[in-house]
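Reading through the structure tokens given below for one structure.
The values are calculated or read from the model by the stated rules, or taken from the named source; none is laboratory data. As the structure is a prediction and not an experimental result, all values here were calculated from the model. Here the Cβ positions follow ideal geometry from the backbone for every residue, glycine too, while neighbour counts run over all protein chains shown.
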Amino acid sequence: MTLFHRFVSMFRWVLRREKAEQQLDEEMRTFVDICAADKMREGVSLAEARRRAVLELGGIEQVKEQVRTSRHGALVDEIGRDVRYAFRTFARNPGFVLVVVLTLGLGIGANTAIFSLIDALMLRWLPVRDPQELVQVKLQEPGDGPATDTFSYPIVRALGEQQEIFTGVAGFSGYSFNIGAGDSIGKVSGALVTGGYYETLGLNPEAGRLLTRSDDAPDAPLAAVISDGYWERQFLRSPAAIGQILVVNGAPATIVGVSPPGFTGANVGMTADITLTAGAFASVNRQVAELIGPGNFWIRALARPAPGVSVRQAEARLTTVWSGIWDSLIAAHWPQSQRSPFANARFQLAPGGTGWTTMRDRYRQPLTVLMSVVAVVLLIACANVASLMLARASARQREIAVRLALGASRGRVVRQLLIESTLLSSIGAAFGILLAWASSRLLLETMFPGSWRVTFDLTPNGHILGFTAAVSAATGVLFGLAPALRTTAAGPAAALNDDMRTSSSRSRLLPSLIVAQVAMSLVLLVGAGLFAGTLRNLQRLDPGFNREGVLIADLEGRRTPVPQELVDEIQALPGVVSASVSTHTPLSGSIWSDRAVPRGQPVPERDSAFFVGAGPRLLEIMQTPLISGRDFTDRDSAEAQPVAVVNEAYARRFFPDRQPLGQYLSAVVRGARRDLEIVGVAKNTSAAGLRRRSPLTVYVAYRQLTGSFPTTLVIRARGNLAEMAAAIRRAIQPQMPDTAIEVLPLSAQIEAAMVQERVMAGLAGAFGALALVLASVGLYGLLAYTVARRTKEVGIRVALGAERARVVAMILGGAVRLVSIGVLLGLPAAWAASRAVQSMLFGLKPADPATIGGAIVLLGAAALVAAYVPAWRASRIDPLTALRHE
Amino acid sequence: MDKLDIPQGTLDLMILTILVREPMHGYGIAQKLAALSQDQFQVNPGSLFPSLYRLEQDGKLKAEWRPTENNRNAKYYKLTAAGRKQLERHKQRWIRISFAITSVLEGA
């Protein structure tokens, strides 16, 4: 008997079930007939003979059931019947099914949505050859600081030469290119890579060729690889795109090929539409020429260990090789204190097959918290559906009793009920997947607002479907098992008895499900309150500047001072109050630190303060109050005495007991030694981070800067900011032919810095509200059910003279008791949960009494509303009708 | 005297043995089994029929519907070649087992 044979016969049974059933039935009848004929020969009547024959057989249906369950394929067959039976049951109760599917769909959908983000951000392999082989290179300096994962261009090139360790090393960094010229200029998200990038990842071109090592030489012609998506959008997949010239930051680059579909770079979530080699781009771009020097650590590296070399061996060999080459790779002009840690650094190779993104670190905690939140929402949904099932189970008890009496084992009935519940959860899951998919765009916009470069594919894939299937199966068992066991516990005899309905009402299961829902809702509501409070505290924080009414334009390509005429031109535009320049704007994410101490003290080797290069009237435009002294003016020119404004924190640290005005600072500004005269003291600002204490800050005059530095135009304007932004862009774009100018409100930049808090407040609030609604519906359902059951009792009470108010109080009292127990159980859980998210909070303690109190009040109010309708209905019960009940 | 339950795993062997001589229907097999065991065995149709169906599904038995001597249509089970082989194997094993058990019991 081969396995194949077995399958064939198994499926024959399943497929020809009708006929098989008929034959089985026929065979049983034959047995009874022949047996009865035998008995009659012993002289009993036909009826008696048949009765004895059936007895000898042990019941026709029972034997048939035993045959069915013991043959191969029985399970498949029975499950098929159970599924059909379940659908018939559903068709009779569409309302019940709708409520269950909606509840579970919301719960499962929320889980699917958050999980698909986690999948896209953290779990998905890069679409490259054997991604599991790839490692990300990290360097651990002596001490227990975190390992660095950025390297200078020379180091990545040197790593790529270690062919006995790696078959290839792929260095990459996200880069925003200005593509085109004149009016058609636009920003395109791209990447700068080393020559080994595509070869290491093992990719084949969709068209043309990919970049190679020879493209990374300084004298190589500038070659660009475009993404499949960019090819589609810009060139309609025309083969003629290969060989065309793209103007990249003012320099011509030839499109040599298209990367394969699905691959958007090793930087997860940041689509690279245009990829250039760093070496070749450096020869046409000053900024990148500076970047690829030994002093800048900005490239991440993925590597593929050579065949037969384990990760541990590669790490050990790399560390050995490093001791011989580090000296030539680390910038020679760096001070010894900065160079020496590299001598004893050790390499670490972390799994790299899922690529790299900064967002992973930034979103790990928020996503973990959100995943826990949606898991709790799903638990509440399960508890809710379980109580619905329980309430409904008593209505079905008779049907189940009949099935038990007809020879179905308890396990068999439990299985049938579990199949019903998993079917419900599967339908809920299908609905949830649709919900998650439909809301994925909204979710991305909430999580990554305004970042046009962030793209994730949240289309349901194998991971996501697998996750949702597992969740839905677990859900089905979770909410189905208790009701199934409860319903079948009594056995056929008790169940067929009329009184069983009153006996099962004594169960504590239903109220405890409500208590659990209340407790879990409290946890979510407290969490939502804490996150909302955090966002509110940050928004109310006085940052030391006024973000309203200010526009900024980052002239990122420019590393030399902007001409004064350009600033004057903007100043002259109608609606502009004042225009100036700054090297760094608040919360832009980029900062500049350098060294400055009062004259007479030795200048330290390490940076001692944050620096901002400020144009005339910048502090006035930002509305950063001056404690004393003056703002920068037009007179602070390159030829004048170098001046500085320090913030309060700096003044307090370095001039604790003297007036700083008129004192001098010894400073190193962008590599140049300077003596700066302090002309003003400004109020502290949270420009470097809303949550951090204001760092020691030195403002220096923009016009007195030398060397290379970034520039942002800062403009205070009246009226409609969007219109002003467009007007300013029109005025300056023609003078900046190589840079796509974006003029944005400063408030957008500040908002972007609060995105994590906004997401947490928004999503935790939404899920908290969902939990509240579910718990209220659950409570309402329980009370309505209780009132319906106690109609007779209430009727008697009313007949015996109980006042309506007392009846209402009785029902409400029950609700209050349940909610109180739930709150008491929920409080420690809420406390523990808020401790876990403490680091994400700002300006309030985990056990914030106002938040906890608010959550309890909200929960109580919702519970009273939910309880009032059943209570009122109970009070309207007419004793006469009630006593006739049943 | 109480009837004996059929020892675990031996029902298949006995069914195959009974069917080796001629095809029979379910009731006939039950009767024959009772007779051959001198009414010692309690033959429960609730285990007999599932065994028959399983053996049929495994290809050890083949079934056909034909009239009984009383002209009642019944399902007759017949041994297949595979069934014959299984019978031989299991019979040898059972003889060895019962011989071994008897030896132990008598040797003690």
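Being in contact (Cβ under 8 Å) with a residue 24 or more places away in the chain, assigned to a helix (DSSP H, G or I) and in contact with a Ser or Thr (Cβ under 6 Å, 6 or more places away or on another chain) is not true of A:Ile427. Looking for something modelled with pLDDT under 95 and under 30 Å from A:Gln348 (Cβ atoms) - is there at least one such residue anywhere in region A:221-229? Within region A:221-229, none of the residues are modelled with pLDDT under 95 and under 30 Å from A:Gln348 (Cβ atoms). Looking only at residues that are assigned to a loop (DSSP other than H, G, I, E, B) and within 10 Å of chain A (Cβ to nearest Cβ) in region B:46-79, which one is surrounded by the most Cβ atoms within 10 Å (Cβ to Cβ)? Per the criteria, the residue is B:Lys60. Just one of the listed residues (B:Arg84, B:Arg93) is closer than 17 Å to B:Arg21 by Cβ, more than 12 Å from the chain's Cα centre (by Cα), more than 8 Å from chain A (Cβ to nearest Cβ) and surrounded by fewer than 16 Cβ atoms within 10 Å (Cβ to Cβ), and it is B:Arg84. Please verify whether region A:367-389 includes one or more residues that are touching a Phe, Trp or Tyr at 6+ places or on another chain (Cβ under 9 Å) and of a type in the set (Ser, Thr, Tyr). Within region A:367-389, one or more residues are touching a Phe, Trp or Tyr at 6+ places or on another chain (Cβ under 9 Å) and of a type in the set (Ser, Thr, Tyr).
Within region A:245-286, restricting attention to residues that are of a type in the set (Ser, Thr, Tyr) and part of a strand (DSSP E or B), the residue that is surrounded by the most Cβ atoms within 10 Å (Cβ to Cβ) is A:Thr277.
Among the residues of region A:146-159, is any surrounded by fewer than 23 Cβ atoms within 10 Å (Cβ to Cβ) and assigned to a strand (DSSP E or B)? Taking every residue of region A:146-159 in turn, at least one turns out to be surrounded by fewer than 23 Cβ atoms within 10 Å (Cβ to Cβ) and assigned to a strand (DSSP E or B). The single condition among (1) facing chain B (nearest Cβ under 8 Å); (2) under 21 Å from B:Pro67 (Cβ atoms) that A:Gln22 does not satisfy is (1).
Within region B:15-28, the set of residues being within 12 Å of another protein chain (Cβ to nearest Cβ) and farther than 21 Å from A:Glu61 by Cβ comprises B:Met24, B:Gly28.
Applying a threshold of 7 Å to beta carbon distances and a minimum spacing of six or more residues, or different chains, the list of pairs starting in region A:657-672 at a residue that is in a loop (DSSP other than H, G, I, E, B) and ending at one that is surrounded by fewer than 18 Cβ atoms within 10 Å (Cβ to Cβ) and at pLDDT below 90 reads A:Arg670/A:Thr706; A:Arg670/A:Gly707; A:Gly671/A:Gly707. Hey, A:Val794 hits all of (1) modelled with pLDDT of 90 or more; (2) part of a helix (DSSP H, G or I); (3) buried (at least 17 other Cβ atoms within 10 Å of the Cβ) but one; which does it fall short on? In the conditions (1) modelled with pLDDT of 90 or more; (2) part of a helix (DSSP H, G or I); (3) buried (at least 17 other Cβ atoms within 10 Å of the Cβ), A:Val794 misses (1) alone.
Against the condition modelled with pLDDT of 90 or more and either touching an Asp or Glu at 6+ places or on another chain (Cβ under 8 Å) or under 12 Å from B:His25 (Cα atoms) (or both), how does B:Lys85 come out, does it pass? When the stated conditions are applied, B:Lys85 does not pass them.
The residues of region A:496-529 that are in a helix (DSSP H, G or I), within 15 Å of A:Leu390 (Cα to Cα) and at pLDDT below 85, listed by number, are A:Met500, A:Arg501, A:Thr502, A:Ser503, A:Ser504, A:Leu509, A:Leu510. Scanning region A:37-52 for residues that are more than 20 Å from B:Trp65 (Cα to Cα) and within 12 Å of chain B (Cβ to nearest Cβ) turns up A:Asp38, A:Lys39, A:Met40, A:Arg41.
The set of residues in region A:183-211 that are under 16 Å from A:Ala282 (Cα atoms) and β-branched (Val, Ile, Thr) comprises A:Val193, A:Thr194. Looking only at residues in region A:606-633 that are of a type in the set (Val, Ile, Thr) and in a loop (DSSP other than H, G, I, E, B), the one that is surrounded by the fewest Cβ atoms within 10 Å (Cβ to Cβ) is A:Thr633. If you go through region A:322-379 and keep only what is under 16 Å from the mean Cα position of the chain (by Cα), hydroxyl-bearing (Ser, Thr, Tyr) and outside any loop (DSSP other than H, G, I, E, B), you end up with A:Thr358, A:Tyr363, A:Thr368, A:Ser372. From the list A:Glu548, A:Glu565, the one residue that fits, being surrounded by fewer than 20 Cβ atoms within 10 Å (Cβ to Cβ) and over 25 Å from A:Leu690 (Cβ atoms), is A:Glu565.
Counting only helices (runs of 4 or more DSSP H) that sit completely within region A:53-144, those holding 1 or more residues that are within 14 Å of chain B (Cβ to nearest Cβ) correspond to A:60-70, A:74-92. Looking across region A:69-80, just one residue is loosely packed, with under 14 Cβ neighbours inside 10 Å and either without any contact (Cβ under 8 Å) to a residue 12 or more places away in the chain or touching a strand residue (DSSP E or B) at 6+ places or on another chain (Cβ under 9 Å) (or both), and that is A:Leu75. In a residue-by-residue description of region A:601-611, the property of being closer than 21 Å to A:Leu713 by Cβ and either touching a Phe, Trp or Tyr at 6+ places or on another chain (Cβ under 8 Å) or touching a residue at least 60 places away in the same chain (Cβ under 8 Å) (or both) applies to at least one position. Look at (1) more than 11 Å from chain A (Cβ to nearest Cβ); (2) under 14 Å from the mean Cα position of the chain (by Cα) and you find that B:Gln40 fails only one, number (2).
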